[in-house]
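Structure, as structure tokens:
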Amino acid sequence: MIHLKGVMKNYDVGGRQVAALRNIDLTIRKGEIFGIIGHSGAGKSTLIRTINMLERPTAGEVVVDGVEMTKLGTGKLQLERRSIGMIFQHFNLLSSATVADNIAFPLRLAKLPKEEIARRVEELIGLVGLTGHGSKYPAQLSGGQKQRVGIARALATNPKVLLCDEATSALDPQTTGAILSLLLDINKQLGITIVLITHEMNVIRTICDRVAVIDGGEIVEEGPVTDVFLKPQHRTTREFVAQVSDVAAIGLETSGSAAAGNRTLVRVTYIGEQTYQPVLYETMRETNVPFVILQGTVSKLKDTPYGQLVVELQGQEGGAEQAIALLRGRGLDVEVIQHG
Ligand SMILES: Nc1ncnc2c1ncn2[C@@H]1O[C@H](COP(=O)(O)OP(=O)(O)OP(=O)(O)O)[C@@H](O)[C@H]1O
């Protein structure tokens with residue numbers, strides 16, 4: 001659906017070239033929710049804005065639904081932008097227009113007949129949960145309601161892609177949750193491809209299918225959220241995962257128990273149906289290995305349940321190795337953190 005190939009963006013700052021994007025290659029599939037996460041200044045905004053040419057790349061190709069965006073002149077670009085909606089951190093609503101008029105704005109630009117505009121605006125107001133608020137002004141709305149108007153306006157022209165530029169960063173956690181659920185519903189109902197940028201791992205793990213981590217204008221890690229979240233490879237990714245996971249941030253502490261024999265510290269990760277099966281209990285019972293759970297999380301990544309436990313295996317030499325082999329044989333991921 002969206003292909004970025006060799007995308008570079010340099011800004012001219014007082015005659016000096018500042019590289020904001022360095023050789024970005026990215027493929028975003030039709031119908032998925034794709035997240036781009038990075039620290040401040042990493043290049044997230046620049047990257048998402050190259051998809052609809054709010055920023056023209058210095059080099060490279062941007063193809064959206066088969067159309068090479070960098071080659072379009074102003075007129076064709078305006079037409080093409082109707083199929084790419086966008087929402088913003090600070091909503092960007094017209095303060096002097098009502099909710100209904102804000103939503104109607106792109107439809108008037110597209111010169112739709114009046115009756116059709118009125119019908120579509122009502123439909124959109126219902127879709128985003130703002131029934132009864134059509135004649136209010138933005139100043140009379142909460143932040144979450146303003147973003148709902150932004151979403152309705154972005155969807156007005158039936159776009160194939162919705163770009164979300166830090167769409168929940170100005171909202172409290174509860175409202176963030178409500179807006180993320182709305183985006184998820186819209187993705188499911190309309191099949192629209194969603195690309196979002198954020199600095200919050202929580203946003204990624206709640207709604208995204210795949211994620212790219214951007215650092216210093218480069219994609220440093222990319223993949224399904226389950227892989228990237230549970231097995232982060234790059235230092236920056238680990239920092240983001242640590243925002244939301246106690247387990248990822250664990251030190252090498254042990255139980256401190258005085259029990260004799262070896263101790264092996266392992267991180268056990270399981271995903272999907274295994275989350276609800278007593279694999280750990282059964283394995284330890286079969287191998288007679290005493291164990292202590294030092295830390296643990298059972299949660300969900302979008303719709304996928306997962307668990308991650310830090311377990312200290314105790315007892316006689318060989319027992320821990322046998323238990324680890326059995327756990328792996330039963331499909332669990334076991335990482336040895338410390339022997340000894
Ligand atoms: N219009 C501009 N002119 C000059 N430099 C710019 C411009 N826009 C962005 N930059 C620079 O490009 C780099 C990437 O900025 P960008 O805004 O894309 O990052 P970001 O990850 O979105 O950061 P934030 O989360 O703080 O918005 C930064 O070094 C920034 O200072």
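The values are calculated or read from the model by the stated rules, or taken from the named source; none is laboratory data. Everything numeric here is computed off the predicted structure, so don't read it as measured data. Positions of Cβ are backbone-derived with ideal geometry, glycine not excepted, and every protein chain shown enters the neighbour counts. Calculation scope for accessible area: heavy atoms of the full protein, side chains included, ligands and nucleic acids excluded. Shrake-Rupley method; radii C 1.70, N 1.55, O 1.52, S 1.80 Å.
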| remark: Taking segment 1-18 and keeping only residues that are away from the ligand (no atom under 16 Å from the Cβ) and outside any loop (DSSP other than H, G, I, E, B), one is left with 2, 3, 5, 6
| remark: Per the filter on segment 128-142, residues open to solvent by 50 Å² or more (accessible area, probe 1.4 Å), touching a residue at least 40 places away in the same chain (Cβ under 8 Å) and of a type outside the set (Gly, Ala, Ser) are 137
| message | If the requirement is being farther than 25 Å from residue 7 by Cα and within 16 Å of the ligand (Cβ to nearest atom), which of these qualifies: 169, 245? | response | 169
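For every residue, the table says whether it meets (1) in the same structural domain as residue 44 (by TED's automatic domain parsing); (2) within 16 Å of the ligand (Cβ to nearest atom); (3) modelled with pLDDT under 80.
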residue	(1), (2), (3)
200	yes, yes, no
207	yes, no, no
213	yes, yes, no
254	no, no, yes
258	no, no, yes
264	no, no, no
| message | With the requirement that a residue be assigned to a loop (DSSP other than H, G, I, E, B) and either at pLDDT 95 or above or on the phi < 0 side of the Ramachandran plot (or both), what does segment 66-83 give you? | response | 72, 73, 82, 83
| Qualifying residue in segment 19-30 (condition: within 12 Å of the ligand (Cβ to nearest atom), among the polar types (S, T, N, Q), open to solvent by 50 Å² or more (accessible area, probe 1.4 Å) and part of a strand (DSSP E or B)) | no
| field | Condition check for residue 33: at pLDDT 95 or above, surrounded by 16 or more Cβ atoms within 10 Å (Cβ to Cβ), more than 10 Å from the ligand (Cβ to nearest atom) and within 22 Å of the chain's Cα centre (by Cα) | value | yes
| said: Considering only residues that are touching a Pro at 6+ places or on another chain (Cβ under 6 Å) and exposed (fewer than 13 other Cβ atoms within 10 Å of the Cβ), which ones fall in segment 61-98? | reply: 95
| request: Can you give me the number of residues within segment 213-236 that are under 20 Å from residue 334 (Cα atoms) and within 15 Å of the chain's Cα centre (by Cα)? | output: 8
| Is it the case that some residue within segment 283-294 is open to solvent by less than 20 Å² (accessible area, probe 1.4 Å), of a type in the set (Ser, Thr, Tyr) and either closer than 19 Å to residue 228 by Cβ or assigned to a loop (DSSP other than H, G, I, E, B) (or both)? | no
| Taking segment 36-63 only, how many residues are more than 13 Å from the ligand (Cβ to nearest atom), hydrophobic (A, V, I, L, M, F, W, C) and part of a strand (DSSP E or B)? | 3
| List the pairs whose first member sits in segment 218-235 and is within 19 Å of residue 43 (Cβ to Cβ), whose second member is open to solvent by less than 80 Å² (accessible area, probe 1.4 Å) and in a loop (DSSP other than H, G, I, E, B), and whose Cβ atoms are under 6 Å apart, counting only residues at least 6 apart or on separate chains? | 220/234; 221/234
| Given 16, 22, 82, which one is under 21 Å from residue 187 (Cα atoms) and basic (Lys, Arg)? | 82
| Does residue 172 qualify as being closer than 19 Å to residue 125 by Cβ, free of Cβ contacts under 8 Å to residues at least 40 places away in the same chain and open to solvent by 40 Å² or more (accessible area, probe 1.4 Å)? | no
| field | Any hit, segment 89-98, residues being out of contact with any strand residue (DSSP E or B) (no Cβ under 8 Å at 6 or more places or on another chain), within 13 Å of the ligand (Cβ to nearest atom), within 30 Å of residue 242 (Cα to Cα) and part of a loop (DSSP other than H, G, I, E, B) | value | yes
| request: Scan segment 99-124 for residues that are of a type in the set (Val, Ile, Thr) and either more than 16 Å from residue 142 (Cβ to Cβ) or open to solvent by 50 Å² or more (accessible area, probe 1.4 Å) (or both) and jot them down. | output: 103, 117, 121
